[in-house]
1. Modelling each spin label as a point 7 Å along the Cα-to-Cβ direction, I'd like the residue 412/residue 286 distance in nm, to one decimal.
2. Work out, step by step, the length gained on full extension between residue 177 and residue 205: first 0.36 nm times the residue separation, then minus their alpha carbon distance; give nm to one decimal.
3. Explain nothing, just the number: dipole magnitude of region 84-226 about its Cα centre with +1 on each Lys and Arg Cβ and -1 on each Asp and Glu Cβ, in debye rounded to the nearest 20.
4. I need the shape label for region 62-201. Rule: rounded when a/c is under 1.5, else prolate if a/b > b/c, else oblate, with a, b, c from the alpha carbon gyration tensor.
5. Could you order peptides 301-312, 378-389, 282-293 by the average number of other Cβ atoms within 10 Å of their residues, highest first?
6. To the nearest 10 square angstrom, how much accessible area does residue 251 have with a 1.4 angstrom probe?
7. What does the extension gain come out to for residue 339 and residue 134, with contour length at 0.36 nm per residue minus their alpha carbon separation?
8. Give me the distance in nm between label points sitting 7 Å out from Cα along the Cα-to-Cβ direction at residue 141 and residue 401, one decimal.
Amino acid sequence: MRRQRRKLALSKKKEKNTSLNWWQLSLLGVGCTIGTGYFLGSSIGIGLTGPSIVIAFLLAALGTYVVFIALAKLTADDPQEGSFCYYAEQAFGNRVGFACGWNYWMSNILIIGSQLTALSILSRFWFENVPLWVFASIYSLLGIGVVLLGTKGFDSVENVLAAVKTAAILLFIVLGFLAVFQWLDGTGADPSVPSSYNEWFPRGIKGFWGSLIYAFYAFGGIEVIGLMAMQLKQKQDAPKSGTALLLLLAIIYTVSLGLAVSMVSFDQFTDKESPFVTALSDYHLAFFPHVFNAAIIVAGFSTMTAALFGVTTLLTTLAHDGNAPKWFEKKIKYKDLPLPSLGLAVVGLICAVVAALLLPGKLFEYITTAAGILILFNWICIVLSNMRLLKQTVFSISGNIIGILLMLLAISGILAEKTGRPGFYLSIGFAAIIVLIAWFVKKPHKEQSSS
């Protein structure tokens with residue numbers, strides 16, 4: 001039967017695919033997750049809700065943990081290359097599996113577009129007169145080059161980039177604490193901790209509600225880890241890897257953002273500058289804007305490359321499962337690369353870049369919002385697939401329901417702020433198109449998941 005054929009094919013690749021320890025997957029997760037969504041997108045969230053952005057990130061970490069554990073348990077129970085798309089199909093039918101896969105592909109194309117837009121803008125910090133398309137082209141070619149290195153090359157590059165951007169965040173944390181204890185020279189105000197409701201939520205619950213989507217977006221990337229979990233030496237270590245990853249990210253995110261909002265008034269943060277650069281702008285640290293701008297570029301490039309790798313890998317599996325034209329499954333001998341799949345990803349990349357560079361205004365915010373919502377659609381599907389396919393306990397059911405409610409809260413919260421609504425409508429439009437195509441293209445099959 002279909003599921004047995006997949007397992008037979010996987011067994012032939014076992015030696016090739018099992019090469020990572022759990023801690024290596026955690027480190028890779030850091031590389032795939034920390035990007036401009038955190039370094040820049042968090043500024044949008046701070047502007048909406050103020051110091052309570054820390055609470056938003058803690059709630060997002062909880063919701064993300066629920067999703068990862070749901071995916072990790074599915075992977076440990078039945079390791080599959082298609083990851084969440086395969087599980088969605090087993091749980092709810094091939095139409096849902098089709099929609100889940102293409103929704104993920106579209107969300108990552110948007111992520112690539114937003115990252116490239118941000119990278120191009122940030123690079124003009126040093127080269128003001130260079131057109132944005134030049135930087136976008138350079139970063140696109142570099143990202144394609146990393147993917148062409150193959151899986152092992154991708155892992156190695158991501159590990160190095162993860163170390164660089166984590167070091168940059170730790171640098172800010174150290175400098176932030178030095179500022180807190182007044183060991184830095186400068187004209188910055190004394191850091192303070194909010195002590196009242198109005199100080200924590202200067203724009204009320206409505207602003208806090210609207211900020212949740214940007215907090216969740218900063219954790220985007222766990223889907224790639226779900227795909228990469230197939231390379232674990234011990235598949236049952238997937239939950240351990242995710243726990244370590246999300247604990248590390250939660251600590252780094254909340255401590256660094258907590259320091260930033262304690263050092264500067266929330267209304268000084270903008271989406272044109274990292275909150276960490278803003279926080280230290282009144283101190284005599286001439287080197288810091290340059291170092292941190294470079295770190296943000298590294299982070300954005302890392303996330304962009306991870307997204308490009310993810311869509312390339314997934315499209316091959318979609319083609320194998322009949323959810324995309326078969327020729328996307330073809331691979332070249334060099335590094336066993338799916339060249340047609342990469343080609344379509346590059347076409348999507350070009351379209352995203354052209355749109356991002358031609359349209360003015362808050363496009364980064366709109367694309368970020370749309371990508372974040374599409375990601376959460378997939379995350380909800382992951383949790384629902386877990387509830388459908390695996391035996392549940394009272395504890396797991398409660399956790400899954402809490403995770404789904406948090407994600408629905410984040411999706412609906414974007415409507416509370418009119419500036420984010422275009423991104424919401426954009427995401428709903430893409431999702432509707434994918435669902436319609438799935439309905440007309442895919443015919444429901446009678447084969448059961450246990451077959």
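1. 5.3
2. On the way: separation 28, 0.36 × 28 = 10.08 nm, distance 2.92 nm.
So the chain would gain 7.2 nm between residue 177 and residue 205.
3. Details: 6 positive and 8 negative charges, 63 e Å.
Using only the charged Cβ atoms, the result is roughly 300 debye.
4. Taking the square roots of the gyration eigenvalues as a ≥ b ≥ c, region 62-201 is oblate.
5. Taking the mean over residues of other Cβ atoms within 10 Å, the ranking is 301-312, 378-389, 282-293.
6. 100
7. Extra length from residue 339 to residue 134 when fully extended: 71.4 nm.
8. So the label points at residue 141 and residue 401 sit 5.6 nm apart.
The values are calculated or read from the model by the stated rules, or taken from the named source; none is laboratory data. Keep in mind the model is a prediction, meaning the values are calculated, not measured. Please note: Cβ atoms are built from the backbone with ideal geometry, for glycine as well, and neighbour counts cover all protein chains shown. Remember, those area values only see protein heavy atoms, side chains included, never the ligands or the DNA or RNA. Shrake-Rupley method; radii C 1.70, N 1.55, O 1.52, S 1.80 Å.
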